[in-house]
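The values are calculated or read from the model by the stated rules, or taken from the named source; none is laboratory data. Because the structure is predicted, anything quoted here is derived from the model rather than measured. Note that we place each Cβ from the backbone using ideal geometry, even for glycine, and neighbour counts take in every protein chain shown. Side chains are part of the model used for accessible areas, which takes the heavy atoms of the whole protein and leaves out ligands, DNA and RNA. Shrake-Rupley method; radii C 1.70, N 1.55, O 1.52, S 1.80 Å.
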Amino acid sequence: MKKRLAAMVLALAMLFSLSPAAVAEDSVYFTAVDERVLDLNDSTMPFWFGGYLYVAATVFRESGVGYSYNIVSQTLVLYDSSRSLVFDIATGAGTDGQGNLYDHVCVTRGGVTFVAASPVASFFGRTYSNTRVNHGYLIRVKSSSAVLPDSMFTETATYQLDTKYQQYQKKNSAEQTPDREPEGSGDPELPDDPTSGKSIYLCFLAEDAATVDGWLDTLENYGGRAAFYFTEEALSRCGDQLRRLAVSGSAIGLALTAGNEPAAEQLDRMNRTVFAAAGVKTRLVYGAAADAASLQSAGYCPLSAKIDRSKYGLTASSGASSLLKQIGNRRGAVSVWLGSNVTPGALRTFLSSAEEGEDRLLAMTEIAS
């Protein structure tokens, strides 16, 4: 069963990650190891999957991690002197070298095998960072040999990054928009403009299995994706929906509930439930009263939506028009917290209008959250 699920995840990942930039069409992902910027090309371009950024497994080979690929048995082994990760290329499933199932699948695209950057880096005692730079983002894997901190390396590597980007553009013989507007929470309001071409991240509070299915049906009819933040209670009865989300391209998130229990303990327990049901874990978190800094230091990505629509919901066509107008008055990509009061009819109206405006309905990622 686990192998079938992994195969489904792998198949879908290959379909929706064909574009080199999964967060925005005008951004690219550079990769660097310690103080060295690697070549930039489509075949090894990182991409988002299941809330994690995936990088070519060879990035870790460049970082000094042992790398063995067996074309006959279709296995990839990453290892050092004390531990190893063994991936089954055919199914994407991984074990920790002692037969214990590893939380993250590997994904093969165009003959290149990718692994989740953050957990694999942590597994082998490396650190991982994701920094906004000109033309996109810089993914850096650091070993104990790294000298410069990220802030200083980003400055000193500017020429390398610009050169790599120019070479990439020339090779692909098609100009891309090099920069996009910053997406900080302090973006100023703009005069009313059409929402044409917007990147929109819809975020739902998932409390009921049937409701989640209705939202998913509507989204899939319009080719859209979104993020579904489940309460702990909902996780226990939404196994089918979690499995559907794991292969749909939409994102799974965790919705914290108020209480005396430390947030990290609750999230860890919730992630175990998600993994048991769907074979994936998530770092996406919604917690209105939680300490965002504490969540980030624990490795999670708390949602900070640009628009909080939960007070009004989305239940009528007038609400859909109002929300589109709000989105049109924001710069850059726009994340929207809808809560749970959303009807399929109003969602259809919103998606139809967004489609006419050539907007993109995307799944939440670490950066967008």
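Scanning segment 209-239 for residues that are within 21 Å of residue 287 (Cα to Cα), touching a Lys or Arg at 6+ places or on another chain (Cβ under 9 Å) and in contact (Cβ under 8 Å) with a residue 40 or more places away in the chain yields a single hit, 232.
Summed over segment 97-129, the residues that are touching a Leu at 6+ places or on another chain (Cβ under 8 Å) and either open to solvent by less than 10 Å² (accessible area, probe 1.4 Å) or within 15 Å of residue 279 (Cα to Cα) (or both) give a count of 9.
What number of residues in segment 322-338 are part of a loop (DSSP other than H, G, I, E, B) and within 16 Å of residue 361 (Cβ to Cβ)? Result for segment 322-338: 3. Of the residues making up segment 120-148, not one is modelled with pLDDT under 90 and assigned to a helix (DSSP H, G or I).
Listed here are the residues, each with its yes/no results for (1) of a type in the set (S, T, N, Q); (2) farther than 19 Å from residue 296 by Cβ.
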site: 232; (1), (2): no, yes
site: 238; (1), (2): no, yes
site: 244; (1), (2): no, yes
site: 249; (1), (2): no, yes
site: 253; (1), (2): no, no
site: 259; (1), (2): no, yes
site: 262; (1), (2): no, no
site: 271; (1), (2): yes, no
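The residues in segment 258-270 that are open to solvent by 30 Å² or more (accessible area, probe 1.4 Å) and in a helix (DSSP H, G or I) can be counted, and the count is 5.
Can you name every residue in segment 6-62 that is over 19 Å from the mean Cα position of the chain (by Cα) and at pLDDT below 75? Residue satisfying the conditions is 7 alone. Would you confirm whether any residue within segment 211-224 is at pLDDT below 85 and buried (at least 21 other Cβ atoms within 10 Å of the Cβ)? No. Among the residues of segment 43-93, those that are within 30 Å of residue 158 (Cβ to Cβ) and either in a loop (DSSP other than H, G, I, E, B) or open to solvent by 60 Å² or more (accessible area, probe 1.4 Å) (or both) comprise 43, 45, 46, 51, 57, 61, 62, 63, 64, 65, 67.
Being in contact (Cβ under 8 Å) with a residue 40 or more places away in the chain and either of a type in the set (S, T, N, Q) or open to solvent by 50 Å² or more (accessible area, probe 1.4 Å) (or both): is that true of residue 273 here? Spelling it out, residue 273 is indeed in contact (Cβ under 8 Å) with a residue 40 or more places away in the chain and either of a type in the set (S, T, N, Q) or open to solvent by 50 Å² or more (accessible area, probe 1.4 Å) (or both). Could you say whether any residue in segment 59-68 is free of Cβ contacts under 8 Å to residues at least 40 places away in the same chain and basic (Lys, Arg)? Checked against the condition, which is being free of Cβ contacts under 8 Å to residues at least 40 places away in the same chain and basic (Lys, Arg), segment 59-68 yields at least one hit. Among the numbered conditions (1) touching a Gly at 6+ places or on another chain (Cβ under 9 Å); (2) of a type outside the set (Phe, Trp, Tyr); (3) under 24 Å from residue 127 (Cα atoms); (4) open to solvent by 70 Å² or more (accessible area, probe 1.4 Å), the only one that residue 243 does not meet is (3). Only a single item in (1) in a loop (DSSP other than H, G, I, E, B); (2) open to solvent by 40 Å² or more (accessible area, probe 1.4 Å) is not met by residue 151, and it is number (1). Could you check segment 225-257 and list, in sequence order, the residues that are within 19 Å of residue 279 (Cα to Cα), at pLDDT 90 or above, among the hydrophobic types (A, V, I, L, M, F, W, C) and assigned to a loop (DSSP other than H, G, I, E, B)? Across segment 225-257, the qualifying residue is only 238.
Which number in (1) under 16 Å from the mean Cα position of the chain (by Cα); (2) under 18 Å from residue 101 (Cβ atoms); (3) surrounded by fewer than 22 Cβ atoms within 10 Å (Cβ to Cβ) marks the one condition that residue 248 misses? Of the numbered conditions (1) under 16 Å from the mean Cα position of the chain (by Cα); (2) under 18 Å from residue 101 (Cβ atoms); (3) surrounded by fewer than 22 Cβ atoms within 10 Å (Cβ to Cβ), the odd one out for residue 248 is (2). Residues in segment 276-294 that are closer than 30 Å to residue 319 by Cβ and modelled with pLDDT under 90 were compared, and the one that is least open to solvent (accessible area, probe 1.4 Å) is 282.
Restricting attention to segment 94-116, the residues that are closer than 30 Å to residue 147 by Cα and assigned to a strand (DSSP E or B) total 5. Regarding segment 312-332, can at least one residue be identified that is over 18 Å from residue 200 (Cα atoms), open to solvent by less than 40 Å² (accessible area, probe 1.4 Å), touching a residue at least 12 places away in the same chain (Cβ under 8 Å) and not hydrophobic (A, V, I, L, M, F, W, C)? Checked segment 312-332: no residue is over 18 Å from residue 200 (Cα atoms), open to solvent by less than 40 Å² (accessible area, probe 1.4 Å), touching a residue at least 12 places away in the same chain (Cβ under 8 Å) and not hydrophobic (A, V, I, L, M, F, W, C).
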